[in-house]
Amino acid sequence: QITLGRATKDNQIDVDLALEGPAWKISRKQGVIKLKNNGEFFIANEGRRPIYIDGRPVLGGNKWKLNNNSVVEVRG
């Protein structure tokens, strides 16, 4: 699994999205990408703001299947 979000002194993650733009718009743990046993990838939104997958919003607490070449957007 790979965690996406904003790294802090007490919160280490795999992909620090704060390096790409305004950090205050990104949760410390914005999302998690997981590989299932059947070979499919899913992203779970664990933040308050939506994650967009191919232009569709995935709200906090929900997950979405990632397809080949899916575009993942977090706060623009």
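The values are calculated or read from the model by the stated rules, or taken from the named source; none is laboratory data. Note that the coordinates shown come from a computational prediction; the quantities given were computed from them, not determined experimentally. Ideal geometry is used to build each Cβ from the backbone, glycine not excepted, and the neighbour counts take in all protein chains shown. To get the accessible areas, we keep the full protein, side chains included, count just its heavy atoms, and leave off ligands, DNA and RNA. Shrake-Rupley method; radii C 1.70, N 1.55, O 1.52, S 1.80 Å.
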Restricting the range 52-76 to residues that are in a strand (DSSP E or B) and without any contact (Cβ under 8 Å) to a residue 24 or more places away in the chain, which is nearest to ASP16 (Cα to Cα)? GLU73
Restricting attention to the range 38-51, and to residues there that are modelled with pLDDT of 95 or more and in a strand (DSSP E or B), which single residue is farthest from the chain's Cα centre (by Cα)? PHE41
Out of (1) open to solvent by less than 60 Å² (accessible area, probe 1.4 Å); (2) more than 9 Å from the chain's Cα centre (by Cα); (3) modelled with pLDDT of 95 or more, the odd one out for LEU35 is which? (1)
Residue that is modelled with the highest pLDDT [pool: residues in the range 6-27 that are open to solvent by 40 Å² or more (accessible area, probe 1.4 Å) and within 15 Å of GLU73 (Cβ to Cβ)]: VAL15
